[in-house]
1. Taking all protein chains as present, what is the carbon and sulfur share of the accessible area of the chain, in % to the nearest whole number, probe 1.4 Å?
2. Give a quick list of GluC sites (Glu not before Pro) in region 116-172 that DSSP marks as loop, anything other than H, G, I, E or B, with at most 12 other Cβ atoms within 10 Å.
3. Go through region 270-371 and name the trypsin sites (Lys or Arg not before Pro) that are in a DSSP coil and have 16 or fewer other Cβ atoms within 10 Å of their Cβ.
4. What distance in nm separates the two pseudo spin-label positions at Glu371 and His225, each 7 Å out from Cα along the beta-carbon direction?
5. With springs only between Cα atoms under 10 Å apart, run a GNM on the chain and tell me which of Leu210, Leu147, Leu280 wobbles the most.
6. By how many nm would the segment from Leu147 to Ala208 lengthen if fully extended, with 0.36 nm per residue of separation less the alpha-carbon distance?
7. Farthest toward the dipole's positive end in the chain, which of Leu147, Asn305, Ile179, given Cβ charges of +1 (Lys, Arg) and -1 (Asp, Glu) about the Cα centre?
8. Say R0 is 41 Å: what FRET efficiency, to the nearest 0.05, do Ala90 and Ile179 get from their beta-carbon distance?
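The values are calculated or read from the model by the stated rules, or taken from the named source; none is laboratory data. If you're wondering where the values come from, they're calculated on a predicted model, not measured in any experiment. Please note: Cβ atoms are built from the backbone with ideal geometry, for glycine as well, and neighbour counts cover all protein chains shown. What goes into the accessible areas is simple: the full protein's heavy atoms, side chains included, and nothing from ligands, DNA or RNA. Shrake-Rupley method; radii C 1.70, N 1.55, O 1.52, S 1.80 Å.
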Amino acid sequence: MSTDKRQGWRARWQAAWQALGGVDTDVSRPPAAPPSVRGPLLDNLISVLPVPAILLDQAGTVLAFNLAAIDIAPVLQQGQSVLLALRVPALVDAIRQAQAARLSQRVEFEQRVPRERYFEAFVNPISLPGDQVDQRADYLLITFNDLTPLRRVEQMRADFVANASHELRTPLAALLGFIETLQGRAKDDAPAREKFLGIMRDQAARMARLIDDLLSLSRIELNAHVRPVAEVELTAVLRQVADSLQMLARDRGVAIHLSLDEPITIAGDRDELVRAFENLVENALKYGADGKRVDIVARRGAAQNGDPEAQVIVRDYGPGIPPQHLPRLTERFYRVNATTSRAQGGTGLGLALVKHILNRHGGRMTIDSIEGNGATFTAHLPILATNTKNQAESAR
Ligand SMILES: Nc1ncnc2c1ncn2[C@@H]1O[C@H](COP(=O)(O)OP(=O)(O)O)[C@@H](O)[C@H]1O
Ligand SMILES: [Mg+2]
């Protein structure tokens, strides 16, 4: 660093310190900066804070605030009482307390307009040496933290546990009921015993499926930020999926049509991809059976940013999905019709799994549906860069 530069930095720092009322340690410098510097300096300090911040004088008049604060209190104005802009009772109390006791306060509050948000606010008294000897200047600094994302995660976790428990309790209650019946009334009734054991097997299988899906979800989430690296050829995966679901298709009277491009290799986890496509094709076979036909297409396309991507399309010709459900379809346990889903052996976790698997592969899913005219689920997966190059070379 050049001497010039170092001196420049030192001078700026000293000016800042003096403006805040600091003691000037450099005897070679002129005496304290005029008080007018303090305003712009505080303004600058507040404006660079990464959180919403408002600076008040001891009387509660607004001295400075940053852009982020306007988002919380749109009518903030310099020189006006902060109480005109912040009408949250808990916060007003905290400001009064901080003014009276000169102690830091923390409050949480909720804002409903323009949208529902949760904040915590810290009201901190600051006391600086004043412009004259033996004088102090008292301020209040209010900073805010947006707690909304945290609250949302907490809510999602609570909902998830409640949903999972409910889903497990229903088959468990059925099992307990039938066990009691078999121990009592139906003890010596051979045909009833056969029937009940059949129902019990189905209910136990449902619990097993649910636990299996829950474990898969948590495993995939655990690895969410680890991109799979093995080379997987997609058309082979899709042939395998179609083969494994042939029985179900025959049972539902649906014909599976495969339309696969030349081989498409991506970086992936083969088992996870099989699972994802199985889920999509199974849904199409179960919920779209009325259409009698399911198409599976694999092709090369381009992502929104122009990068090459693989697109796997699973389309059915069934009743489709009403548009208001589309945005929520990949949420855990979200179903258009829970009774239909349960009757089909569904857990409500299939599309959540698909979404997480695709995310982990750097891909995504799009869903299109016209009510009465089937549903189309498209998996978009990035293609290995080296792979496109290799294939271009081998095509030459
Ligand atoms: N191809 C489809 N046609 C109509 N509805 C569908 C289709 N695929 C999924 N859905 C709807 O989305 C819901 C969620 O699907 P999913 O997450 O796989 O759970 P599950 O199949 O276990 O119920 C289903 O319950 C169903 O209501
Ligand atoms: Mg499903």
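1. Numbers: 12470 of 22660 Å².
Carbon with sulfur: 55 percent of the solvent-accessible area.
2. Working: sites: Glu116, Glu120, Glu154, Glu167; in loops: Glu116.
Counting only loop positions with at most 12 other Cβ atoms within 10 Å, the GluC sites (Glu not before Pro) in region 116-172 are Glu116.
3. Working: sites: Arg270, Arg275, Lys286, Lys292, Arg293, Arg299, Arg300, Arg315, Arg328, Arg332, Arg335, Arg342, Lys355, Arg360, Arg364; in loops: Lys292, Arg332, Arg335.
In loop regions of region 270-371 (DSSP not H, G, I, E or B), the sparsely surrounded trypsin sites (Lys or Arg not before Pro) are Lys292.
4. Once both label points are built, they end up 4.2 nm from each other.
5. Leu147
6. Numbers: separation 61, 0.36 × 61 = 21.96 nm, distance 3.71 nm.
This chain segment gains 18.3 nm when fully extended.
7. Ile179
8. Details: r = 53 Å, r/R0 = 1.30.
Calculated transfer efficiency: 0.15.
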